[in-house]
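What follows is a structure written as structure tokens; I'll ask about it next.
The values are calculated or read from the model by the stated rules, or taken from the named source; none is laboratory data. All figures in this text were calculated on a predicted structure; none of them were measured in a lab. FYI the Cβ positions are ideal-geometry reconstructions off the backbone, even for glycines, and counts take in every protein chain you see. Quick note on the areas: whole protein, heavy atoms, side chains included, nothing else; ligands and nucleic acids left out. Shrake-Rupley method; radii C 1.70, N 1.55, O 1.52, S 1.80 Å.
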Amino acid sequence: SQQGEEDPQALSIQEGENATMNCSYKTSINNLQWYRQNSGRGLVHLILIRSNEREKHSGRLRVTLDTSKKSSSLLITASRAADTASYFCATEGTDSWGKLQFGAGTQVVVTP
Amino acid sequence: GAVVSQHPSWVICKSGTSVKIECRSLDFQATTMFWYRQFPKQSLMLMATSNEGSKATYEQGVEKDKFLINHASLTLSTLTVTSAHPEDSSFYICSASYRGEGYTFGSGTRLTVV
């Protein structure tokens with residue numbers, strides 16, 4: 001079963017704008033990861049945030065984690081057309097190494 | 001960085017036939033690989049955990065006799081969809097852990113059963 005939900009389900013923005021998506025989960029986790037998937041392609045690992053971390057940055061990406069609310073957010077700053085993709089959060093539970101539970105995903109479209 | 005090579009990228013087969021999908025870890029050893037399935041416009045669902053030298057562990061609801069997994073070496077895991085039917089049409093993707101910083105995914109296999 002899926003771990004949780006992501007919102008929004010779809011997001012349409014213009015180049016240069018920021019894109020924010022949220023992820024909620026239900027169980028205790030070791031870490032939460034964000035992945036990007038271009039249409040019909042494999043997944044690309046973006047960033048991993050551990051349960052004892054609250055915020056992490058990687059280039060134009062900023063991820064937050066609130067374990068008390070069991071939620072995470074992914075912010076993409078200064079978006080580009082190449083950022084158009086589906087974004088998934090995935091959690092690795094404390095008792096399930098390697099078994100990622102994926103959210104439903106957010107489809108992001110960035111128009112030039 | 002770590003790369004998982006998955007083949008084929010797409011396959012069309014007739015109903016009742018079997019299809020083998022391969023995942024190879026390049027430049028690193030993967031004692032454990034994971035197989036996921038993704039239906040159109042849906043998220044990924046874990047099917048099974050493939051362990052080198054031992055039997056795979058299947059998630060609830062996944063038929064082990066239909067989805068045969070072999071992990072004969074530290075760099076190769078295979079998923080065979082046996083007696084495929086149209087409802088097995090899906091996107092299958094494997095992954096492996098690399099250095100504890102997330103997972104590396106293969107490029108996926110689009111299976112269409114006609």
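Just how far, in whole angstrom, is region A:1-45 from region B:29-80 if you go by their alpha carbon centroids?
Value for the Cα centre distance between the two parts: 23 Å.
At what distance in nm do the modelled label points of B:S54 and A:E5 sit from each other, each positioned 7 Å from its Cα along Cα→Cβ?
3.8
While we're here: Counting only protein heavy atoms and a 1.4 Å probe, tell me what percentage of chain B's accessible area is made up of carbon and sulfur. Spell out each step's value before the answer.
On the way: 2860 of 5600 Å².
Accessible surface attributable to carbon and sulfur in chain B totals 51 percent.
Once amide H atoms are placed 1.01 Å from N in the peptide plane, what residues at a sequence separation of 5 or more from A:E15, or on another chain, have their amide H within under 5 Å of its amide H?
A:T111
Please give the average number of partner chain Cβ atoms lying within 10 Å of the Cβ of each residue in A:95-104, rounded to a whole number.
Numbers: counts 0, 2, 4, 9, 5, 8, 4, 7, 2, 3.
Shielding by partners across A:95-104 averages 4.
In terms of modelled amide H atoms, which long-range or inter-chain residues lie less than 5 Å from the amide H of A:K70?
none
Starting from the Cα gyration tensor of region B:5-114, take the square roots of the eigenvalues, sort them a ≥ b ≥ c, and report rounded, prolate or oblate (rounded when a/c is under 1.5, otherwise prolate if a/b is larger than b/c, else oblate). Before the final figure, lay out the partial values.
Working: a/c = 1.68, a/b = 1.53, b/c = 1.10.
Since a/c reaches 1.5 and a/b is larger than b/c, the shape of region B:5-114 is classed as prolate.
Before we go on, tell me the buried accessible area for the A/B pair, both chains summed, 1.4 Å probe, in Å² to the nearest 100.
Adding both sides of the contact gives about 1700 Å².
Enumerate the amide H contacts of A:I47 below 5 Å, restricted to partners 5 or more residues apart or on another chain; note that Pro and chain-start residues carry no placed amide H.
A:W34
Order of B:52-64, B:30-42 by packing, highest average Cβ count within 10 Å first?
B:30-42, B:52-64
Run through every distinct alpha carbon pair of chain A and return the Kirkwood hydrodynamic radius in angstroms, one decimal place.
Mean inverse Cα-Cα distance, inverted, gives 13.9 Å.
Using θ = phi - 60° and the Karplus curve 6.51 cos²θ - 1.76 cosθ + 1.60, what whole-Hz ³J(HN,Hα) does each residue of region A:27-43 get, with Gly and Pro shown as x?
10, 6, 10, 8, 7, 10, 10, 10, 10, 10, 9, 7, 3, x, 10, x, 9
Across peptide B:60-72, what mean number of C-beta atoms from other chains lies inside 10 Å of a residue's C-beta? Please report the intermediate quantities before stating the final value.
Values: counts 1, 1, 0, 0, 0, 0, 0, 0, 0, 0, 0, 0, 0.
That average works out to 0.
How shielded is A:34-43 by partner chains, expressed as the average number of their Cβ atoms within 10 Å of its Cβ atoms?
5
Give a residue-ordered list of calculated ³J(HN,Hα) values for region A:92-97 (Karplus: 6.51 cos²θ - 1.76 cosθ + 1.60, θ = phi - 60°; whole Hz; x for Gly, Pro).
10, x, 5, 10, 8, 4
How big is the Rg/Rh ratio for the protein assembly as shown, C-alpha atoms only, Rh by Kirkwood, two decimals?
Over the Cα atoms of the protein assembly as shown, Rg/Rh equals 0.97.
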